[in-house]
Amino acid sequence: MTKAEFRAHYERLKGRNVLFPFGFHCTGMPIQAAANKLRDELKTFGCPPEFPAAEAPQKPKLEDQAPKAAPEKKGKGKKSKLVAKTGTGVVRQWNILKRMVPEAEIPEFVDPLKWLQYFPPYGMVDLKAFGVASDWRRSFITTSVNPYYDSFIRWQFAKLRAGGRIKYGRRPSVFSILDGQVCADHDRASGEGATPQEYTIVKLRVPEDALASHAKLSSLSGKDVFLAPATLRPETMYGQTNCFVLPDGQYGAYEIKGGDVLVMSERAAKGMMYQELEAERVGELKCLVPDISGWDLLGLPLNPPQATYDTVYTLPLLTISMGKGTGVVTSVPSDAPDDYAALKQLQDKPDYAEKYNILPHMVDFEVVPIIEIPGYGNMAAVTMCEKLGVKSPNDREKLAAAKDEVYLKGFTDGVLLVGPYANNPVKDVKARIRADMIAAGTALAYWEPESKVMSRSGDECIVALTEQWYLSYDDEEWTKQVMDHITSDAFNAYAPTVQGEFEHRVGWLGEWACSRKFGLGTLLPWDESWVIESLSDSTIYMAYYTIAHLLQGEANLDGKKVGPSNVPPEAYTEDIWDYIFFGGDKPSSPHAEVFEELRTEFEYWYPMDLRVSAKDLIPNHLTMALFNHCEVWKSRPDLWPRGMYANGHILVDAEKMSKSKGNFIMMHEGISSFSADAVRFACADAGDTSEDANFARATANTAILMLTTELDFISTSLKEMEEGAKGDRIATMRGAHLPAWTFFDKAFENDMNVLIAIADRKCEQMLFRDALKAGFFEMRLARDRYRDWAVQTGAGMHAGLLRRWIEASVIMLSPFCPHWAEHIWRSVMGHTTTVFKADWPKAEQEDALTSQMSAFLMNSIKDFRRSTAKKSGKKGSAPAKASTSAAIFVSVEWVDWKQMVLAYMRSVYDQNGSSFPPTFNKDLKGFLMEEENGLKPQMKSAMQFGNYIKPIVEEMGPVAMAEQSPFDQEELLRQHAEYIAKQLELETVRVYLASDTSAPGPDRTKAQAEPGRPTIALV
């Protein structure tokens, strides 16, 4: 939020009209789930509820029971504040609300609409206290509760459907069994962004004789029974040598449609219930044999499809996760490093195999070459394990690296060696091999979320095939429209990484389920048994902001009252919305003038120049906003979004913000602890781009001190100016009307010009930490240098310059610290209008020569101080009292060999377009090695010299390579000898040319002087 807030303030200072609205998105499952949870608590524990003093430990889920490679270290766990207060490990909705609302009012929150009425106004109070300069007349809440916004969303979806972008069909979607509906990104407690991942279940048949004699499976004799591993690489099934299960894993035998029986985990069976594999009806899968342990399956013979071997055996693998796939893993050691390491361990360690009742013949299998990969051979997994030194399945990091490389290269560069598709690239035949296996009945299609997804209701989600309405974001023509827009000059993502992420997501967004069966939101206009999901109803709401102040107006968040336009919501038909947003003939309506005003408002403000949001919304909300704008305003590309800025997450003192760590800061708590402006200051200093920003409490505390100090300085300075306005001199400054202009006056003015321009540019680029650095920190340093000179020399600061500095500093800090700036602007400086109607300070062109002279002088003083401190024997201290004077030595030209290096650097710099090539060091070394240059004896020194000059050139430009200085260094130092002496706490300082043999001081010190680097000696 602060990024948008800072930019809005900045744009106002640049003289632009700015619309910065703030709404409250209430659509979806979060509020509904919380209300349901509270209702269940009251039903179970009474009102007020009496929760158990302690909760019995819950049995871990199957997917959490996989053995760890090493035992976890035990330590004392820390309870969150909420857990500590309730005395239970279960977080109760009642207790959460108890911290925010009066206890007597809590029961009312079983109604989700109560949440919509109660919390948004409090949010506005905090935001206003924080100084958010929003147009609150345009604030609103979403969902069908708001009849104006509801009508707008219904119109939007009618447009998308009319354009052929919304379709209906059976599609795999992440699904909550508990909620009984699709679980979209914003309906999730965790796993946002996870999409359905398609697996292939390979059917490894259990021979009839093995069934009949098996203790657990004998009841299945006469049925077609299979172990059911799930794989993402069906093309590798030619190389199967065995199958793996987790010895301590729990499995079951489940009958699916057609009568086949699959042995797999209960978790996978739940998923299959909703993927048209159920034997009887959706949500039910017949478990014929429950409670089969992995131990029961070890040594079981299997007939694998596609494989070279007719029979393989079931072996133990301790790294299997029961929370992924089916808990059964087929083994292809030629192209799966984990499989190779596990099989080899069993082959090389008979005692280990015997521990699991594995006989020698069960592991007596050679690795089968199936894919040729250039540079890796035909057994890539073996090659990589040997290359990385993998010794056992416990070499997790090495195996992970090997797996990533082998899997990638196998798909992109691999050529199949066996089967009907031999000699074809893997990437060309992978899908065909899978389709053939499914058609032959040796495999099944299966989906599950690509990572664990938990719904807001506390349910672990599966993937279900559901009839649903979906947006076809995979449409090629639509995708091309969006891609062309975001790769054009009309769109700004503000960071290359964010731009790349948008380009990736536009091509991969795919089909998006846009509706669900319940939750808060707008009903689909053509099928009101569906509710539009939360991400889909928030893609073009920016257009609604342009007219919301007339539709609803202030203090009317839910739109229940007719707003300032005096037009009821039912008057906004599809034709009226079309006119407002598309134009055309003026509607014949008693409200025609109002509709025309709304259209004018929209055309004035649109398109949206900037949308600021979190980086984790690029894969959904932000990319969907681009698509929907391109469709709704398909004939008006000039109305498509111009900029989207994605920020990272927020850290507090370099740690993830968490209630259990005690570093979770609510807005009102931050304001109370530090003040609004100190929090804003720390936010500005926290960092930019999509990297995680670090809110440092120490920075907020320091900001209080700095802002107070600057307030005192400005107040005192302005008071002195006022008191001394009639005289030529004031206590610490010269009158503003005096024309006297010293070098330090000129340097101070030039510093201001440079820093104002930098802050301006950084704000434009959304790099607010850099803007704060230039506009506040470095402006203070420039003022301090100037003030120090004025006090040391008794010359005094120029009042006109100081007033300009004060005004520029206040204006540039105002986006970050508006309360502080407004107080100074009005109460201290006496302005009658707000600081936000001021103009961004004007900056003249930088005087490069003055910048160079100033940098030379200040750097020289720093070097002198360091040098004289060493000679006095006190690190960082002033010279010893015995030394009261010093001699400075200036060199006006470089020695011959350095001139040759500089000449070479100038030629390279010019040839490479005013920059040094990446091969600079290598090229310089080659130049020095050339016999005709005669520089071999100075090789080491010349390389050091070149690398010393290079960064100076990159900062200051080619002038740093000049044979002679563009200004008289001797004269500049001589003019400021008195100031230099004061800085070094000496009585006198004299300046000499280093070539002056009559000058006092050691010859060695004189010889060390170089252009731009004078030396000093105590005399």
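The values are calculated or read from the model by the stated rules, or taken from the named source; none is laboratory data. Since the structure is predicted, the reported quantities are computational estimates derived from the model, not experimental observations. A quick note on method: Cβ atoms are made from the backbone with ideal geometry, for glycine too, and the neighbour counts reach across all protein chains shown. We work out accessible area using only protein heavy atoms, side chains counted, and drop any ligands, DNA or RNA first. Shrake-Rupley method; radii C 1.70, N 1.55, O 1.52, S 1.80 Å.
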Self-check item: Among (1) of a type in the set (Lys, Arg); (2) touching a helix residue (DSSP H, G or I) at 6+ places or on another chain (Cβ under 8 Å); (3) not assigned by the TED database to the domain that holds Lys773, the one test that Arg642 misses
Solution: (2)
Practice problem: Please determine, by comparing only the residues of segment 675-696 that are part of a helix (DSSP H, G or I) and touching a strand residue (DSSP E or B) at 6+ places or on another chain (Cβ under 7 Å), which one is least open to solvent (accessible area, probe 1.4 Å). | Solution: Ala682
Exercise. Mind counting the residues in segment 137-195 that are in contact with a His (Cβ under 9 Å, 6 or more places away or on another chain) and open to solvent by 20 Å² or more (accessible area, probe 1.4 Å)?
Key: 3
Quiz item: Has segment 538-555 got any residue that is of a type in the set (Phe, Trp, Tyr) and over 19 Å from Val145 (Cβ atoms)?
Solution: no
Quiz prompt | Evaluation of Lys634 against (1) at pLDDT 95 or above; (2) charged (D, E, K, R); (3) outside the structural domain of Ile153 (by the TED database) (one fails), failing number | solution = (3)
Quiz item: Do we find a residue being outside any helix (DSSP H, G or I), free of Cβ contacts under 8 Å to residues at least 24 places away in the same chain and of a type in the set (Lys, Arg) anywhere in segment 546-560?
Solution: no
Quiz item: Limited to segment 936-963, what total is found for residues that are among the charged types (D, E, K, R) and either without any contact (Cβ under 8 Å) to a residue 12 or more places away in the chain or in contact with a strand residue (DSSP E or B) (Cβ under 7 Å, 6 or more places away or on another chain) (or both)?
Solution: 3
Quiz item: Limited to segment 496-528, what total is found for residues that are open to solvent by 30 Å² or more (accessible area, probe 1.4 Å), at pLDDT below 95 and within 24 Å of Val110 (Cβ to Cβ)?
Solution: 2
Quiz item: Which of (1) assigned by the TED database to the domain that holds Arg205; (2) within 19 Å of Leu297 (Cα to Cα); (3) at pLDDT 95 or above does Thr319 not meet, given it meets every other one?
Solution: (3)
Practice problem: Consider Leu924 carefully, then state whether it is assigned by the TED database to the domain that holds Met900, in contact (Cβ under 8 Å) with a residue 24 or more places away in the chain and assigned to a helix (DSSP H, G or I). | Solution: no
Quiz item: Right, Ser219: hydroxyl-bearing (Ser, Thr, Tyr), over 30 Å from Lys634 (Cβ atoms), in contact (Cβ under 8 Å) with a residue 40 or more places away in the chain and in a helix (DSSP H, G or I) or not?
Solution: yes
Quiz item: Gly259: open to solvent by less than 10 Å² (accessible area, probe 1.4 Å), out of contact with any helix residue (DSSP H, G or I) (no Cβ under 6 Å at 6 or more places or on another chain), farther than 29 Å from Asn357 by Cβ and not hydrophobic (A, V, I, L, M, F, W, C), yes or no?
Solution: no
Practice problem: Taking Lys409 as the residue in question, decide whether it is under 34 Å from the mean Cα position of the chain (by Cα) and either at pLDDT below 95 or in a helix (DSSP H, G or I) (or both). | Solution: yes
Exercise. Check Ser635, Ser588, Ser672 and return the single one that is among the polar types (S, T, N, Q) and in a helix (DSSP H, G or I).
Key: Ser672
Self-check item: Positions within segment 575-585 being within 19 Å of Leu639 (Cβ to Cβ) and part of a helix (DSSP H, G or I), in sequence order
Solution: Ile576, Trp577, Asp578, Tyr579, Ile580, Phe581, Phe582
Quiz item: Among the listed residues Ala212, Ala184, Ala189, which satisfies the condition of being farther than 26 Å from Thr479 by Cα, modelled with pLDDT under 90, touching a strand residue (DSSP E or B) at 6+ places or on another chain (Cβ under 8 Å) and not assigned by the TED database to the domain that holds Ala614?
Solution: Ala189
Quiz item: So which residues in segment 148-172 are in a helix (DSSP H, G or I), more than 17 Å from Ile580 (Cα to Cα) and among the basic types (Lys, Arg), if there are any at all?
Solution: Arg161
Quiz prompt | Residue match in segment 964-981 (condition: closer than 16 Å to Ala903 by Cβ, within 44 Å of the chain's Cα centre (by Cα) and exposed (fewer than 13 other Cβ atoms within 10 Å of the Cβ)) | solution = no
Self-check item: Filtered residue count, segment 413-463, keeping only those that are farther than 30 Å from Ile177 by Cα, of a type outside the set (A, V, I, L, M) and under 39 Å from the mean Cα position of the chain (by Cα)
Solution: 7
Exercise. Specify the residue that is most open to solvent (accessible area, probe 1.4 Å); the eligible residues are those in segment 438-469 that are hydrophobic (A, V, I, L, M, F, W, C) and not in a strand (DSSP E or B).
Key: Ala439
Quiz item: Regarding Gly239, is this residue under 26 Å from Met362 (Cα atoms), within 40 Å of the chain's Cα centre (by Cα) and not hydrophobic (A, V, I, L, M, F, W, C)?
Solution: no
Quiz item: How many of the residues in segment 470-514 are outside any strand (DSSP E or B), touching a residue at least 12 places away in the same chain (Cβ under 8 Å) and charged (D, E, K, R)?
Solution: 5
Quiz item: Which of the residues spanning segment 584-606 are over 40 Å from the mean Cα position of the chain (by Cα), at pLDDT 95 or above and surrounded by 15 or more Cβ atoms within 10 Å (Cβ to Cβ)?
Solution: His591, Val594, Phe595
Practice problem: Check segment 565-583 and report whether any residue there is open to solvent by less than 10 Å² (accessible area, probe 1.4 Å), of a type outside the set (Val, Ile, Thr) and under 34 Å from the mean Cα position of the chain (by Cα). | Solution: yes
Exercise. Select from segment 938-955 the residues that are buried (at least 16 other Cβ atoms within 10 Å of the Cβ), within 17 Å of Asn912 (Cβ to Cβ) and not β-branched (Val, Ile, Thr) and list them in ascending order.
Key: Gly946, Lys950
Quiz item: What number goes with the only condition from (1) closer than 20 Å to His629 by Cα; (2) part of a helix (DSSP H, G or I) that Ser534 does not pass?
Solution: (2)
Quiz item: If we keep just the residues of segment 89-119 that are in contact with a Cys (Cβ under 8 Å, 6 or more places away or on another chain) and buried (at least 18 other Cβ atoms within 10 Å of the Cβ), which is farthest from Ala33 (Cα to Cα)?
Solution: Leu116
Practice problem: Mind listing just one residue for me: the one in segment 374-402 that is open to solvent by 80 Å² or more (accessible area, probe 1.4 Å) and part of a helix (DSSP H, G or I) and, of those, farthest from Gln347 (Cα to Cα)? | Solution: Glu397
Practice problem: Answer with yes or no whether Lys842 is over 30 Å from Lys1006 (Cα atoms), surrounded by fewer than 16 Cβ atoms within 10 Å (Cβ to Cβ) and out of contact with any strand residue (DSSP E or B) (no Cβ under 7 Å at 6 or more places or on another chain). | Solution: yes
